[in-house]
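Before any comments, here is the structure.
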Amino acid sequence: PKMAFGTGYHETTRLMLHLLPDVIEKGSWVLDAGTGTGVLAIGAVKLGASNVFAFDIDDWSITNALENAYINQVDSEVEIRKGSIEVVPGNSLYDAVLANINRNTIIELLPDLTRHVKPGGCLLLSGLLISDRQHVLDQEPLNPFRLVQSRRENDWIALHLLKPDS
């Protein structure tokens, strides 16, 4: 993983990887916000996603994620761009949107992240402490979403939310 985040050794990455099989289906389209090493994007493809759009603001992360996608032979299914939410194609909708970042960044990106979840799709959030749970769930952009499950490891949590079909 070199110098990027997301080695699989941190609780939040493991939590997200444990949730992925519940939400990725064959042919899924996935958005990976703050991809780091690309481990979640790679995992999504290995579980059957046909298209993953991943982004990160860190140069090291982009270099490392591209290399890891190539090594794991998923580079044809994963598109990785440098930047933040503005690099995501405007009207694109995804079956699953993943964000394993930190509370403040997640809250800042929530209006855009939720907009990119297609009806009936899911949003997986981590990088959150147990104490962040209610504060994040109380954010306005999550009002139409339903909490499917919350997973915990030590002091960290991951949230699996579902967007209504209509």
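The values are calculated or read from the model by the stated rules, or taken from the named source; none is laboratory data. This one's a predicted model, so the numbers in the text were calculated from it and none came from an experiment. Here Cβ is always computed from backbone atoms with ideal geometry, including for glycine, and neighbour counts include all displayed protein chains. To get the accessible areas, we keep the full protein, side chains included, count just its heavy atoms, and leave off ligands, DNA and RNA. Shrake-Rupley method; radii C 1.70, N 1.55, O 1.52, S 1.80 Å.
Here are some notes:
- Filter pass, ALA54 being in a strand (DSSP E or B) and surrounded by 24 or more Cβ atoms within 10 Å (Cβ to Cβ): yes
- For SER61, the requirement of being touching a residue at least 12 places away in the same chain (Cβ under 8 Å) and either outside any helix (DSSP H, G or I) or among the basic types (Lys, Arg) (or both) is not met.
- Among the residues of segment 72-84, the ones that are free of Cβ contacts under 8 Å to residues at least 24 places away in the same chain and either on the phi < 0 side of the Ramachandran plot or among the aromatic types (Phe, Trp, Tyr) (or both) come to 2 in all.
- Every condition in (1) under 24 Å from GLU11 (Cβ atoms); (2) of a type outside the set (Val, Ile, Thr); (3) modelled with pLDDT under 95 is met by GLY90 except one, and the failing one is (1).
- Among residues of segment 23-44, those that are more than 22 Å from THR105 (Cβ to Cβ) and open to solvent by 20 Å² or more (accessible area, probe 1.4 Å), counted: 4
- Residue match in segment 85-104 (condition: part of a strand (DSSP E or B), open to solvent by 50 Å² or more (accessible area, probe 1.4 Å) and touching a residue at least 40 places away in the same chain (Cβ under 8 Å)): no
- Residues that are among the acidic types (Asp, Glu) and open to solvent by less than 50 Å² (accessible area, probe 1.4 Å) number at least 2 in none of the strands (runs of 3 or more DSSP E) confined to segment 116-166.
- Test result for SER150, under 18 Å from LEU15 (Cβ atoms) and small (Gly, Ala, Ser): yes
- If the condition is being touching a Lys or Arg at 6+ places or on another chain (Cβ under 7 Å) and either surrounded by 15 or more Cβ atoms within 10 Å (Cβ to Cβ) or at pLDDT below 95 (or both), then segment 1-22 contributes GLY8, LEU15, LEU19.
- Some residue of segment 71-84 being over 15 Å from the mean Cα position of the chain (by Cα), in a loop (DSSP other than H, G, I, E, B), closer than 24 Å to ARG115 by Cβ and of a type in the set (Ser, Thr, Tyr): no
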